[in-house]
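Taking it in order: structure first as structure tokens, then the write-up.
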Amino acid sequence: MKKLLTICTTLFLLLACEKIAPEYPDEPVVDYQGFGLFIATDALGNKNLVGKLSFKFTDGDGNIGLPDPQDTSEVSLPDTLRYNLFLHLYDLDGNEYVQIPEEQGGILKYRIPVLDKNPTSGTLDLDIAYPVIIHDTIFYTFYIYDRDLNRSNIDTTEVIVLSGINLDEI
């Protein structure tokens, strides 16, 4: 009888437990996971150095992502309405890291497509091509925007060393 009561109590407790969905803030949050380098071959057979940025993200109201642009009038819109993932490049100059200006390619801008999930959480991987290596010891800071223009926290990659990579030898 005691055994039956224990089984019934355990069964009742298991059935009574509801999965509690995690609660995230309405502002996006990014969490850097890693950065890796690999060699990719394009359609013409050329070898290219590619970096893969991986990060986790959350957004409580689930409005991450931008729809595909419908026309070319979007060009006149501010960057925060055309892009929602921004990376800032820093390069080692002597003994300190300096932010590379936008006009020298120091800000990379990307579009995350609309993600239909509420609340939204997941992992994103971004490929960054290095057709020419100008800066050899770098790191990135990055952040995202949601459709309400809430900006996430800023996260940072580790230092990435691009010097000494010879694509002809691979």
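Observations
- Taking the listed residues 50, 98, 114, the one that is at pLDDT 95 or above, among the aliphatic types (A, V, I, L, M) and surrounded by 12 or more Cβ atoms within 10 Å (Cβ to Cβ) is 98, with no other qualifying.
- Hits in the range 74-119 - residues which are assigned to a helix (DSSP H, G or I), under 19 Å from residue 132 (Cβ atoms) and within 20 Å of the chain's Cα centre (by Cα): 102
- Selected residue (criterion: modelled with the lowest pLDDT) from residues of the range 152-170 that are under 20 Å from residue 99 (Cβ atoms) and of a type outside the set (S, T, N, Q): 162
- Cβ separations smaller than 9 Å between residues 6+ apart or across chains give the following pairs from the range 81-100 residues that are free of Cβ contacts under 8 Å to residues at least 24 places away in the same chain to residues that are surrounded by 13 or more Cβ atoms within 10 Å (Cβ to Cβ) and outside any strand (DSSP E or B): 99/106.
- Given (1) farther than 30 Å from residue 63 by Cβ; (2) modelled with pLDDT of 90 or more; (3) surrounded by 12 or more Cβ atoms within 10 Å (Cβ to Cβ); (4) of a type outside the set (Phe, Trp, Tyr), number of the condition residue 135 does not satisfy: (2)
- If the condition is being without any contact (Cβ under 8 Å) to a residue 60 or more places away in the chain and assigned to a loop (DSSP other than H, G, I, E, B), then the range 121-153 contributes 132, 134, 135, 136.
- Residue 149 satisfies every condition listed in (1) over 30 Å from residue 95 (Cα atoms); (2) at pLDDT below 85; (3) hydrophobic (A, V, I, L, M, F, W, C) except (2).
- Enumeration of residues in the range 41-59 that are of a type outside the set (Val, Ile, Thr), more than 14 Å from residue 126 (Cα to Cα) and assigned to a strand (DSSP E or B): 47, 48, 59
- Condition check for residue 156: under 17 Å from residue 27 (Cβ atoms) and in contact (Cβ under 8 Å) with a residue 24 or more places away in the chain: no
The values are calculated or read from the model by the stated rules, or taken from the named source; none is laboratory data. The shown structure was predicted, so the numbers you read here are calculated from the model rather than taken from an experiment. With ideal geometry, Cβ positions are generated from the backbone for all residues, glycine too; neighbour counts draw on all protein chains shown.
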